[in-house]
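For reference, the structure discussed in these notes is given below.
Any read-out appearing in this document is the output of simple, stated calculations on the displayed coordinates, not a laboratory observation. Model, not experiment: these values are computed from the prediction. Cβ atoms come from the backbone with ideal geometry, glycine included; neighbour counts cover every protein chain shown.
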Amino acid sequence: MQTVQDLPALRAAIRGWRAQGQTVGLVPTMGNLHAGHYALLKLARARADRVVASVFVNPTQFGPNEDFERYPRTLAQDQAGLAEHDCDLVFAPEVATMYPFGAEHSVSIHVPQLTDTLEGAHRPGHFDGVATVVCKLFNLVQPDLAVFGQKDFQQLKVIERMVRDLALPLKVVGAPTQRADDGLALSSRNQYLSAEERAVAPQIHATLVQMRELVVDKGHAWRIVEEAAQSKLERAGFVPDYVAIRRAEDLAEPEAGERTGLVALVAARLGTTRLIDNLQFD
Ligand code: PAF
């Protein structure tokens, strides 16, 4: 496995593979990798001849009060894990490589509508930063496909919309969320939970499962289910940013009585840790 930091080295490696008629899969990450990321890599491996993982903590997707400086940077450990999981190339650029005119002067990609709600409403500008860096990575690597986790459901939708709207020539693949045995979605942020919080955290998934059951099997109104789920999480000690049932396709509010093609999404703080998760209803 090769690690490159600059564009000429990245392009040379990809040119070599292309010359042999090989396809390329990209797994964009911010590092601090865990089993959830390695599942993305496995999916890319199954669908492309060569796999590139990018490791880049992207400054433009962090808000002023978010943890950009504190975000764990664990490149050596990530490289070892990626090598073990059959990655061909790690692209680990400096900020100046991704943002040659400075992050604050970068061209910015805004995906409208989808980004006005949920995470977008609570983290203004976040998805502009994500769309911008992902578009840059696509231009640099020029992959045939790129794999993103369904855990960041809204992010996946935003990227799919950007790719379609800008007619970018690649396929976006959504990978199922990896969970611990008790249902907690794997996330780099889980490491910040205390033992007590870790014991409570799986209630997010349990609540999502119950929301699905109440809407799909029992026919309850989605708004009532949202409210009940929010109260349940608050009683368990969470401070929810949102507990929402939306159309999976465009994250719009469903019509009354709509039961198919829905997704439930939660973002909630437990102590100082913000957790997100979601569950598609079908
Ligand atoms: O999901 C992430 O880790 C990041 O948002 C991504 C897609 C790598 C862009 O920085």
#### Entry: Max mean-square fluctuation residue, GNM over the chain, Cα-Cα springs under 10 Å, options 44, 53, 252
252
## Note on the structure
Summing +1 per Lys or Arg and -1 per Asp or Glu among the other residues with Cβ less than 12 Å from residue 106's Cβ gives -1
### Query
Mind listing P(r) for segment 26-84? All alpha-carbon pairs, 10 Å bins, whole percents.
22, 48, 24, 6, 0
### Query
Taking the alpha-carbon centroid of each part, what is the distance from segment 88-163 to segment 231-279 in angstrom?
23
### Query
Can you tell which of 21, 36, 129 shows the greatest fluctuation in a Gaussian network model of the chain with Cα springs below 10 Å?
21
### Query
Which percentage, to the nearest 5, of the DSSP beta bridges contained in the chain is antiparallel?
45
### Query
P(r) tail for the chain, what percent of Cα pairs lie past 25 Å?
48
### Query
Can you put 14, 159 in order, fewest other beta carbons within 10 Å first?
14, 159
### Message
Apply the a/c threshold of 1.5 to the C-alpha gyration tensor of segment 131-282 and tell me whether it is rounded, prolate or oblate.
### Response
oblate
### Query
Under a Cβ-Cβ cut-off of 10 Å, what is the net charge of the residues other than residue 85 that fall near it, where Lys and Arg count +1 and Asp and Glu count -1?
0
### Query
What are the extents of the Cα atoms of segment 211-282 along their three principal axes, listed from largest to smallest and rounded to whole Å?
35, 23, 16
## Note on the structure
Where a ≥ b ≥ c are root eigenvalues of the Cα gyration tensor, a/c under 1.5 meaning rounded, otherwise prolate if a/b exceeds b/c and oblate otherwise, segment 64-192 counts as rounded
### Task
Calculate, axis by axis, the spread of Cα positions in segment 1-101 along the three principal axes, and write the results as whole Å, longest axis first.
46, 33, 20
### Task
Would you mind calculating the relative contact order of segment 136-231 from Cα pairs under 8 angstrom and at least 6 residues apart, reporting the percent as a whole number?
20
### Query
Rounded to the nearest 20 Debye, what is the dipole magnitude of segment 31-121 about its Cα centre when Lys and Arg each give +1 and Asp and Glu each give -1 at the C-beta?
280
### Query
So what J values fall out for segment 63-76 if you push phi through Karplus, 6.51 cos²θ - 1.76 cosθ + 1.60 with θ = phi - 60°, rounded to Hz, Gly and Pro as x?
x, x, 9, 9, 9, 4, 5, 7, 4, x, 10, 10, 4, 4
### Query
So what is the relative contact order for the chain, in percent, with contacts set as C-alpha pairs under 8 Å and at least six apart?
17
